[in-house]
1. If the Cβ limit is 7 Å and pairs must be 6+ apart or interchain, which residue in segment 205-222 that is under 15 Å from Tyr251 (Cα atoms) pairs with which residue that is modelled with pLDDT of 75 or more and in a helix (DSSP H, G or I)?
2. When segment 362-383 is examined, which residues are found to be in a strand (DSSP E or B) and closer than 17 Å to Ala309 by Cα?
3. Filter segment 101-138 for residues that are hydroxyl-bearing (Ser, Thr, Tyr) and modelled with pLDDT of 80 or more and give the result.
4. For segment 355-371, how many residues meet the condition of being under 10 Å from Ile323 (Cβ atoms) and touching a Lys or Arg at 6+ places or on another chain (Cβ under 8 Å)?
5. Do you know which of the residues in segment 201-233 that are surrounded by 11 or more Cβ atoms within 10 Å (Cβ to Cβ), within 30 Å of Ser268 (Cα to Cα) and basic (Lys, Arg) is modelled with the lowest pLDDT?
6. Grab the strands (runs of 3 or more DSSP E) fully contained in segment 79-133, keeping just those with 2 or more residues being at negative phi and open to solvent by 60 Å² or more (accessible area, probe 1.4 Å).
7. Quick check: anything in segment 55-71 within 22 Å of Pro117 (Cα to Cα), within 57 Å of the chain's Cα centre (by Cα) and either assigned to a loop (DSSP other than H, G, I, E, B) or at pLDDT 80 or above (or both)?
Amino acid sequence: MNFTANRNVLRWVIIAFAMVITALILWNTYGFFQQLKESERKNMTEYKTAIEDFNNQSLNAEMGNLGTIVTRNNTTVPLIEVNFKGEMKARNLPDEIKNDSLALVELVKEYKDLNPPLEISYEGKPYQTIYYGESPIITKMKYFPLALLLILVLFGAVIWFFYRSTKASEQNKLWAGMAKESAHQIGTPLSSLVGWTTLLKDTDVDPSYIVEMEKDIERLQTITERFSKIGSIPTLKEMDIVDQTEKAAHYISSRSSKLVEFAVDLPSQPILVKLNEQLYAWVIENLIKNGIDAMKGKGTINIYLRADAHKVFITVSDTGKGIPKSQWNQIFTPGFTTKKRGWGLGLSLAHRIINDYHKGNIRVSESKKDQGTTFEIVLSKLK
């Protein structure tokens, strides 16, 4: 059995143990509650007997202190005494209720359902009926199991969130490690390619070929730099976001099919923000590529940028199949993808680049089935 399996077994053992302990606590609490209630019922029976003895004593009989003590000791159980004339007398209740006959009538109905009424006889005939409720301690005990369950649920929720955050942290470290390792692996042959292009310049090879090779090498260097930045805090510089957006859009549009139309609407004036050039371009390119995939290589990509006094808003829209609203938040989760061959990393990395590194926000602002999806990026504008 491997470590993961052992950990899963241990987790279930802990859960089972917690459930058993909870069941025992609830069972003992219920038993204690029943004992307390039975004790209270006996006390009320003794109270009823004491009053009955008082009522049935002859005028010349000697009266002991026991009955007086029993009646005076009842200071917690709320009760209402109703005599044969219908007159009511309340004990252990707030004064505002004692003086409210309608409230007493309602309490009589409630107490009658709660506990069997106690009838007091005088000379063999019903004289008085005692309706009683529950003492404050029993009322509090009723809610103890619920409070215990609530505490356990909250405790379980804390454990679950801790587990999820730990798992997400492990995934992030894994993706960051893979990205850095990929950058390292690409770097070795890339250095060799740079050397070969230098040698080719001294040969009779058509210079235009070398120019194209240098463009591809430059692109690979950009990709390597992007991958190397994953997992570390990138440097942000004051840059014109209009120019950077136009460059990223132009790079993809110049390499896309003629069946994909690009509509780029950008301001003519520069707008300064704090940016990391490579990572921001990665986000824009990723959104455009996702849009092209959603349109299956045919449709329109719209890129629009506007700004107000404090914020810059960049939207990238496509005319693809759309995203169900239930998935709008899920699509930024690492590993989530609707593509058959996707890894579910692109939008997750885009979210991390914008939200974590640039302190902005990226979201799905609109999406309709078979009409397209619009992603919106919001960044802070420099004064």
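The values are calculated or read from the model by the stated rules, or taken from the named source; none is laboratory data. Values in this document were obtained by computation on a predicted structure and should not be read as measured data. So basically every Cβ, Gly included, is an ideal-geometry build from the backbone, and we count neighbours across all protein chains shown. All accessible areas refer to the heavy atoms of the entire protein, side chains included, with ligands and DNA or RNA removed. Shrake-Rupley method; radii C 1.70, N 1.55, O 1.52, S 1.80 Å.
1. Ile217/Leu193; Ile217/Val194; Ile217/Thr197; Thr222/Gln278
2. Ile377, Val378, Leu379, Ser380
3. If the condition is that a residue be hydroxyl-bearing (Ser, Thr, Tyr) and modelled with pLDDT of 80 or more, then Ser101, Tyr111, Thr129, Tyr131, Tyr132 are the ones that fit.
4. 2
5. Arg226
6. Output list reads 88-91, 118-122, 125-132.
7. no
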